[in-house]
Amino acid sequence: MSIKTTLNYSPNFNPTKRKPKDIKFIILHYTGMKKESAAIKRLTSIQSEVGCHYLIKNNGEIITMVPDLYEAWHAGKSSWKKYKSLNKNSIGIEISNPGHEFNYKNFSNKQIISILRLGKFLIKKYSVQSRNILGHSDIAVDRKKDPGEKFPWKYLAHNKIGIWHKLSNKTLKQSRMQKINKKSKEFFLKNLTKIGYSKSNTKNLDKKKNLIFVIKAFQRRFRQDLVNGKIDKECLLISKNLLKKFN
């Protein structure tokens with residue numbers, strides 16, 4: 001099985017080759033720039049020191065920027081479970097989208113088709129587990145929002161890319177905004193740690209701000225209709241349901 005891509009190489013990677021077994025994760029990003037052409041220029045400029053393995057354009061075209069067996073500089077300061085600096089163990093896929101700063105929009109159908117095609121190809125090639133398909137905001141909660149709450153995580157999970165919970169819409173609606181006690185909130189935060197989330201890497205933030213970053217990262221991924229940084233019964237139920245899949 002192969003996949004058709006266009007080549008536009010980036011210089012932003014580590015020159016030491018890694019082994020296929022080192023690849024454990026696929027990290028999804030959005031470009032976060034007004035123009036697609038500007039994003040491509042940045043990802044291929046040595047001055048930016050930012051790269052990726054693949055870029056998916058608005059029209060669905062897939063560009064190879066760094067070969068899989070080299071560490072592209074896409075994740076930056078990051079952590080997930082026992083892993084730190086996830087560049088070492090991941091493939092980074094950038095998806096063209098202006099992002100939250102520049103009129104964040106829905107991802108195009110052509111992009112989603114390409115994400116499915118590329119994702120399935122990489123999952124099979126490197127035996128990547130579903131729980132290790134992550135967003136940039138999952139692994140860098142204090143710095144990143146991408147690919148964001150408009151990214152079709154639920155749809156992708158139903159097509160065997162990534163993970164989603166199995167709670168009904170009725171259960172979710174009934175539990176949304178329902179307050180929970182302090183003990184249940186602590187239980188929720190422990191669930192997030194078990195799933196893989198780490199606290200903010202920014203040391204000068206107070207504890208409350210740290211928690212809000214982590215909660216919002218979780219919500220952008222698994223409770224996309226309401227990203228408010230507040231813990232309610234819905235968040236707790238989702239976290240409990242997900243634990244079965246992440247462990």
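The values are calculated or read from the model by the stated rules, or taken from the named source; none is laboratory data. Note that the structure is predicted; figures quoted are calculated from it, not measured. For neighbour counting, all protein chains shown are included, and Cβ atoms are generated from backbone atoms with ideal geometry for every residue, glycine included.
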Which listed residue, of 41, 57, 4, 19, is over 28 Å from residue 194 (Cβ atoms) and at pLDDT below 95:
4
Against the conditions (1) assigned by TED's automatic domain parsing to the domain that holds residue 43; (2) under 20 Å from residue 193 (Cα atoms), where does residue 163 fall short? Just the number, please.
(1)
Which members of segment 113-148 meet the condition of being assigned to a loop (DSSP other than H, G, I, E, B) and over 25 Å from residue 61 (Cβ atoms)?
127, 129, 140, 141, 142, 143
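One line per residue, one yes/no per condition, for (1) touching a Lys or Arg at 6+ places or on another chain (Cβ under 7 Å); (2) at pLDDT 95 or above; (3) at negative phi; (4) of a type in the set (D, E, K, R):
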{"site": "192", "(1), (2), (3), (4)": "no, yes, yes, no"}
{"site": "198", "(1), (2), (3), (4)": "no, no, yes, no"}
{"site": "203", "(1), (2), (3), (4)": "no, no, yes, yes"}
{"site": "206", "(1), (2), (3), (4)": "no, no, yes, yes"}
{"site": "216", "(1), (2), (3), (4)": "no, yes, yes, yes"}
{"site": "222", "(1), (2), (3), (4)": "no, yes, yes, no"}
